[in-house]
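The values are calculated or read from the model by the stated rules, or taken from the named source; none is laboratory data. From a predicted model like this one, the values you see are computed outputs, not experimental measurements. Please note: Cβ atoms are built from the backbone with ideal geometry, for glycine as well, and neighbour counts cover all protein chains shown. Side chains are part of the model used for accessible areas, which takes the heavy atoms of the whole protein and leaves out ligands, DNA and RNA. Shrake-Rupley method; radii C 1.70, N 1.55, O 1.52, S 1.80 Å.
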Amino acid sequence: MQRSVNELVIEATGLTKDYGAKRAVDDISFVVKPGLVTGFLGPNGSGKSTTMRLILGLDAPTTGDVLVNGKHYREHPAPLHEVGALLEARSIHTGRSARNHLLALAKTHGISRKRVDEMVDLVGLHEVARERAGKFSLGMGQRLGLAAALLGDPATIILDEPVNGLDPEGVHWIRMLLRGLAAEGRTVFVSSHLMSEMSLTADHLIVIGRGRLIADTPIDEFVSRASGARVRVRSPQASELRRVLVRDGVSITSPEADVIEIDGMKANVVGELAAEHNVVLHELTPLQASLEEAFMELTRGDVEFKSVAA
Amino acid sequence: MTSVTPTVSVPRLTRRGNVTQWRVVASEWTKFVTLRSTLWSLGVGMLLTLGFPILFAAVTAARWGQMSPHERADRHPLDIALAGVNVAQLAIAVLGVLVITGEYSTGMIRSTLLAAPKRLPVLWAKLGVYAVVAFVLTFPALIVSFYSSQAILDRHHLLQISISAPGVLRVLVGGALYVLGVGVFALAIGAIVRSTAGGIGLFAGIFFVIPPLMNIFPTNWNNAISRWLPSEAGRQLFALTKDPNRYAQWPSGLIFLGYCVVAIAIAAVLLERRDA
C-alpha cells in the first residue's frame, strides 16, 4: 500500500475550540509532515491536548477543520491502521488486564492475538500482561497506551506527553522509538512541555501558548535563533577580562567569582581579545543550552498560571 | 566521527481490516467478559434470582397450615416462580448503567472511540451484547425457578401448575423480556448521564421512587397515570391475569418498549453530538 507523501500529513486550518466561555485553541493552522518527528511544544494548559483531541475526533472544533491522512479521523474505515494515538489522560479500564484491553481494541479491526502479544512484548509488559491495569504505575500505563497506539501499525503516530512518568530507561527507549518511526517514513507528532526533551528528539517544532500558534519552525532554526551569542568564561583574571570586553551591545554578568557570562559576543572573539591582553582562561564555552530560556522567553506572555516573583 | 542513533522498530502488520459492526460487537463482547467485577455481580445476581423463589416456596409450604383462606388465595404459583425478577432487574439495571459509565469514569471511552470512531455502532454493539446477556441469563433462570419452586410445593401437594397451562410460558418469557428491557433502558440512561452514581440514581428514581409516589394522588388519577409508567407497564409483561387498573399485556408492552426506544434515541443523539 504505497501512498503519496501528501496523504500522510496532519493538516489543521483555522482550528478553534471553545469550552464554554474559555477559548482553549485559538485559530491555529499547521501541517505535520511524514518522515520527521514534529514536536508540539507549549506550557501546561496551552491547548496541546485539546488540539490532539480535535485531530482524533474526540472533540469537535468550534470552527476550523483538521484532517489526518487526508480525512477526518472519524471517516477512516480503519482508523487504527491510519493513526495510533496515546492521550495524556488515562484511557484504560482499571478492571481489565493489559492484554485483554489490547485484545478488545484489536477486535474492532480484526487484528490477531499474535499481534497483541507482539505489542505487549515490544513495550516490555510481558510479565504483567495478565494483571489488572488498575494496579499499574504511571509508567506502565504509558507503556500500555503506547502498545495500543502501535497495535494497528499506523502511518501516523500522535503522542501526548509520552515520557510522563517513565523512568530514564523508558525515556531513552521512547526517543529511539520515535526516531525509528520517523525513519520508516511515518508521521510522528509528539507533545511535550519540556523543551529539553524536544531538543533531543524533534526535527521540527510547533510551539503554542494560550491556544495560539507561536512558532512553526525546523528545530535547527529554533536553536540558532535561541542560542544567539552567549559565552561563559572562567578565568582567574575575570575582572580584568571584563574591562577588556566592555563595549556597546555587549552585556556581561558574573554568576560566580572567576566566572563571567558575555551576551552579544562570539566565543572566538572573546578568546582572541583575551589572548591579546594576556588574560589566562580556564574555560571558554559558547552557551547553546539556553533553549529552555528561549522557550520561556517565547512563551512568557502565554503561560496560563505564572508563579509571581517575590 | 558521526554516531548513529540506535532505533526501535515496530514489527509490520501485513493483514489489515476495516472496522465493521460485527467487529465492534466482538470487541464489546470481549470487553464484557474480561471484567471480573461484571462476571461476579452477574453471578451473584443470578444466584439470588434463583434463590428467592426457592425461599418463597419453602416458606409458603411451611406456613400453609397457619395461613388464612384469604392469604392462601393470594398465593399464586407463578408469583412464587417469578419472585426472582425483582432481584434480577436490580442486578441487570446496575450492571447496564456500569457497562457504559465504567468507560467514562476510567477514561476507557476514549480508547473505545479511537478504535471505533463512528459512535453509533459502539452504542448498538453495547446494547446488543447486553440485551442478549440479560435475556440468555434471565430466561433459563426463570425456567429453573419455576421447576424448583414447583418441586418444593409438590412435596406438600400445594399450588401445582403445569408449564403448558395457558399463559404460563408466556409469563416466563415476558419476565425475561422485562428484565432485558430494564437492562437496555438502564444502559441508555448510563449513556445519557455518563456517571455511575447519577445513572443508578436516575434509574432507581424512575423505577422505584416515582411509582409509590403516585399514591399521593386520588385513586382514579393514580391509576390513570401509573398505567403509563415504565415500571408498571413493563410489569404487565409477566402478569398472568389482566389488572383492571392497567392496560393489557400487549399495549403495556408497547408502552414499555416506547420508553426504551426514547431512552436509546436520546443516548444516540447525545453520544453523537457531545465531546467524548
Is there a residue being of a type outside the set (Phe, Trp, Tyr) and in a helix (DSSP H, G or I) anywhere in region A:250-263? no
Next item on the list: Test B:ALA73 against the stated conditions and say whether it is exposed (fewer than 14 other Cβ atoms within 10 Å of the Cβ) and assigned to a helix (DSSP H, G or I).
Entry: yes
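Residue-wise test of (1) open to solvent by 10 Å² or more (accessible area, probe 1.4 Å); (2) of a type in the set (A, V, I, L, M).
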position	(1), (2)
A:ASP160	no, no
A:LEU166	yes, yes
A:GLY170	no, no
A:ARG175	yes, no
A:ALA182	no, yes
A:LEU194	yes, yes
A:GLU197	yes, no
A:LEU205	no, yes
Of those in region A:109-167 that are of a type in the set (A, V, I, L, M) and part of a loop (DSSP other than H, G, I, E, B), the residue nearest to the chain's Cα centre (by Cα) is A:VAL163
Over region A:10-55, the set of residues in contact with a Ser or Thr (Cβ under 7 Å, 6 or more places away or on another chain) and of a type in the set (Asp, Glu) is A:ASP18, A:ASP26, A:ASP27
Checked against (1) away from chain A (no Cβ under 14 Å); (2) open to solvent by less than 10 Å² (accessible area, probe 1.4 Å), B:GLU103 satisfies every condition except (1)
Sole miss for B:ARG63 among (1) closer than 30 Å to B:ARG273 by Cβ; (2) open to solvent by 60 Å² or more (accessible area, probe 1.4 Å); (3) out of contact with any Gly (no Cβ under 9 Å at 6 or more places or on another chain) is condition (1)
Residue hits (region A:1-60; assigned to a helix (DSSP H, G or I) and acidic (Asp, Glu)) are A:GLU7
Exactly one of A:GLY47, A:GLY57, A:GLY20 is crowded, with 22+ Cβ neighbours inside 10 Å and without any contact (Cβ under 8 Å) to a residue 40 or more places away in the chain, and that one is A:GLY57
Report whether or not A:LEU284 is within 14 Å of another protein chain (Cβ to nearest Cβ), surrounded by fewer than 18 Cβ atoms within 10 Å (Cβ to Cβ) and touching a residue at least 24 places away in the same chain (Cβ under 8 Å).
no
